[in-house]
Amino acid sequence: MNNSVILKSIKYESIKAIFTSIADAERISRAEISAKTDLSLVTVGKIADALLELGIVSQIKEVRPQAGRRAGLLSVNQDKFAVILNITSYEFRCAILNLQLNLIERYAFAYRSNCTFQENLAAFLGEASQYVNRKYNMTECFGVGVAVPGPYRAEDDAVLSSRVPELCSIRLKESVRRYFRDVPLLIDSHINAAARSNITHVEDYARKNIVYWYVGSHYICGVYLVNGSLILGKDGHACDFGSVTQLTDLTLEDKISLCRNENECAEPLANALYNTAKVLSPHTMILDFDLPYSCDRLIPLMEDILKMKYRMKPDEIPELRRAWCKSFNAHRGLTMGLRELWLDRIVFGTRDSE
């Protein structure tokens, strides 16, 4: 039977679960996949064999000291890669990641002050395309992701951003497609992408309410996720936690911009966290600090304030966690999304929206 027919006869959620289990592990057996996904060995075997024939995964023999049949260990195809273009600021970056979400390499583009933003963007895209084509086989590319500094509106092919206002008037997907054709393309806010990446570190995240906060000196926002899905506001905006007004009529962003150390920062953040916990009741809050001073003690300080000043009981305080791999989160989150688009294309023959 044709591999695509085999895959189409099985629930997509099962295919995705098995593929993700293989991609997230360096090497994994069929029995381990079955235990991890609660799918039968028969189903795992059918999907694994189809993915092997399609060249998506590879298999090696398991080395065992004892006699007996040796099961094959599965791993994803190491030749496959994604290109991630980061244009969240005027410092453009390009990164190459593999199917396991590992960073292969990255480089920075030298922004030219004597050129317009649009000219710089075109130069960056051209340079990135030439670089990738020179070093890699583009037939092995499973997608191109673009991290942007605000919500992307597909119907207008534009980014809503006050941080890089020039993006508002550029048809972004059209621009990228001039240099990267015939591969899945995903454009998303770096905050959304970072949130998707971070929640995977939370046990049983697909059954929890989670709040992700990005806390910078002059920019604070975040995402509310329910059962693994993002809850977005108007125009696809992430939650604008930075605009929350505090008792002094200053916004949270205003307050944090005036702080000089983590002791001063803890009080306004604890106040915002208290209100967020009361309204959204999250199981976990992930805090991504990007501040010009140490934040090592910030979470314990906030927990003390919540207990002492706001009289919150320990079971009323969400689990507070620092973000993982701060500078890498958006790249990883976009690559996760591209893996799904690529798998969807393979199974159903679909393409990302043009």
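The values are calculated or read from the model by the stated rules, or taken from the named source; none is laboratory data. Source: prediction; values computed, not measured. For neighbour counting, all protein chains shown are included, and Cβ atoms are generated from backbone atoms with ideal geometry for every residue, glycine included.
Is it the case that some residue within region 225-246 is farther than 26 Å from R153 by Cα, part of a helix (DSSP H, G or I) and not assigned by TED's automatic domain parsing to the domain that holds E155? Give the derivation first.
At the first step, the residues of region 225-246 found to be farther than 26 Å from R153 by Cα are 245-246.
Adding the requirement that they be part of a helix (DSSP H, G or I) leaves none.
No; the residues of region 225-246 include none that is farther than 26 Å from R153 by Cα, part of a helix (DSSP H, G or I) and not assigned by TED's automatic domain parsing to the domain that holds E155.
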Every residue from region 161-188 that is of a type outside the set (D, E), farther than 23 Å from L269 by Cα, in contact with a Phe, Trp or Tyr (Cβ under 9 Å, 6 or more places away or on another chain) and not in a helix (DSSP H, G or I): V164, I170, V183, P184, I187
Candidates L287, L280, L334, filtered to the one that is closer than 19 Å to H218 by Cβ and not assigned by TED's automatic domain parsing to the domain that holds K16: L287
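Tell me, which strands (runs of 3 or more DSSP E) lie completely within region 55-156 with 3 or more residues that are of a type in the set (V, I, T), farther than 21 Å from P184 by Cβ and touching a residue at least 60 places away in the same chain (Cβ under 8 Å)?
Working: elements: 57-61, 72-76, 81-86, 93-98, 103-108, 141-148.
Counting at least 3 such residues, we get no strands (runs of 3 or more DSSP E) at all.
Yes/no matrix, rows are residues, columns are (1) modelled with pLDDT of 90 or more; (2) of a type outside the set (A, V, I, L, M, F, W, C); (3) touching a Gly at 6+ places or on another chain (Cβ under 8 Å):
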{"residue": "V202", "(1), (2), (3)": "yes, no, no"}
{"residue": "C221", "(1), (2), (3)": "no, no, yes"}
{"residue": "G233", "(1), (2), (3)": "no, yes, no"}
{"residue": "L258", "(1), (2), (3)": "yes, no, no"}
Selection within region 247-300 - assigned to a helix (DSSP H, G or I), surrounded by fewer than 18 Cβ atoms within 10 Å (Cβ to Cβ) and of a type in the set (S, T, N, Q): S257, N263, N275
Count of region 301-325 residues which are in a loop (DSSP other than H, G, I, E, B) and more than 20 Å from L258 (Cβ to Cβ): 9
Residue that is surrounded by the fewest Cβ atoms within 10 Å (Cβ to Cβ), among those in region 178-204 that are over 25 Å from F289 (Cβ atoms) and in contact (Cβ under 8 Å) with a residue 24 or more places away in the chain: R178
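Out of everything in region 6-27 that is hydrophobic (A, V, I, L, M, F, W, C) and not in a helix (DSSP H, G or I), what residue ends up being farthest from T335 (Cα to Cα)?
Looking at the filtered set, the residue picked out is I10.
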